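J.: One structure, pasted below without further comment.
The values are calculated or read from the model by the stated rules, or taken from the named source; none is laboratory data. Please read these numbers as outputs of a predicted model, since none were measured by experiment. Neighbour counts are summed over all protein chains in view; Cβ atoms, including those assigned to glycine, are modelled from backbone coordinates with ideal geometry. The protein model used for the area step is the full one, side chains on, heavy atoms only, and it has no ligands, DNA or RNA in it. Shrake-Rupley method; radii C 1.70, N 1.55, O 1.52, S 1.80 Å.
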Amino acid sequence: MKIILILMCLLWIAACAEPSEVIIQILYKPKECKEVGQHGDTMHMQYLGRFFDENRKTFDSSYNRNNVPFSYQLGVGGVIEGYQHGTKEMCLNERRRLIVPSKYAYGSRGTGNIPGHATLMFDIHLVQINDEAPAWPVPIEATEKLTATGNQDCKYPVKVGDVVEIQYVGSLADGSVFDNSSETGSLKFVVGSHQIISGIDEGVVSFCKSSIVEMELPPGKAYGERWEGPVPQYSFVYYNVTIVDHAVSDLIPEGDDKMSCETLSVLRCANSVMK
């Protein structure tokens, strides 16, 4: 089977049409791949299974079973063909996203709560190979990359040292919302001052006031090994961020929009502290 290997972290595949082959997205790979799954190895996998459609509804998850990993033998059987092919040459502690067309999943017959002709999406994490020591707790690397998309075409894009006010919605991979500024209020912070999680701190840079920024944050840019309320340890999280106001740290020429006096005073205070 031809496997399409994508080496960058993507927010979503743009179209929900069924792909013709298995698609693999590498979400995270350790710098040193000391152990790789081989044919016949027992793979212990954490996973989140969703339908590949506009709703992304979860149909199965190891995280809902007390975080007990799913185990199978690589290349021997016991799982759908797309899963077997999608986990070849996978490093211990690697994370992937598999998009599996129905012909490599459950075909026209379906199974359980999965209807026929369903394209499936799996977010998977290889936590143990055979009986070797598990990759737990997971080492978090600061070099993990975030993905952010939004409007960057303006005179004064956000930069380190500026003050921004944002509204946001934070959700997990299964689509469940864990934080919403419509309930808690908008957030103001000095960019680069480490007042919030690094993913949002870095993610707003280079974007414009009024821009809607879609962010996918790996664990190292989000909550890492902390269990933060409804956010499990080592989770990828997704933020929809609107930059509702922005004060640049340099002098703004007369006539350009300025933030409220309250925020500007925060900026002056923050800059004096940072100096």
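J.: Using mean Cβ contacts within 10 Å as the protection proxy, how do 200-207, 177-184, 36-43 order, highest first?
T.: Packing order, densest peptide first, comes out as 200-207, 36-43, 177-184.
J.: Within segment 42-107, what whole-number % of the accessible surface is contributed by carbon and sulfur, with the 1.4 Å probe and all protein chains included in the calculation?
T.: On the way: 1230 of 2690 Å².
Accessible surface attributable to carbon and sulfur in segment 42-107 totals 46 percent.
J.: Now a separate question. Which of the GluC sites (Glu not before Pro) found in segment 48-106 are in a DSSP loop and have at most 10 neighbouring Cβ atoms, other than their own, within 10 Å?
T.: Values: sites: Glu54, Glu81, Glu89, Glu94; in loops: Glu54, Glu89, Glu94.
Loop-located and lightly packed - Glu54.
J.: Moving to a separate point now. For an R0 of 22 angstrom, estimate the FRET efficiency from the Cβ-Cβ distance between Asn151 and Ile196 and round to the nearest 0.05.
T.: On the way: r = 21 Å, r/R0 = 0.95.
So, using R0 = 22 Å, E works out to roughly 0.55.
J.: So, one more: If Lys and Arg each add +1 and Asp and Glu each add -1, what is the summed charge of the other residues whose beta carbon sits under 13 Å from the beta carbon of Asn113?
T.: Here the charged neighbours net out to +1.
J.: A further question follows. Round to the nearest 10 and report in Å² the accessible area of Ser249, as given by a 1.4 Å probe over the protein chains' heavy atoms.
T.: 40 Å²
J.: Tell me, in nm to one decimal, what length is gained between Lys159 and Lys88 on full extension, where the rule is 0.36 nm per residue of separation less the Cα-Cα distance? Working shown, then result.
T.: On the way: separation 71, 0.36 × 71 = 25.56 nm, distance 4.12 nm.
Full-extension gain reported as 21.4 nm.
J.: With the cut-off at 24 Å, tell me which of the pairs Lys57/Lys103; Lys29/Lys88; Lys57/Lys88 have Cα atoms farther apart than that. Show your work: numbers first, answer last.
T.: Numbers: Lys57/Lys103 20 Å; Lys29/Lys88 14 Å; Lys57/Lys88 26 Å.
Those over the limit are Lys57/Lys88.
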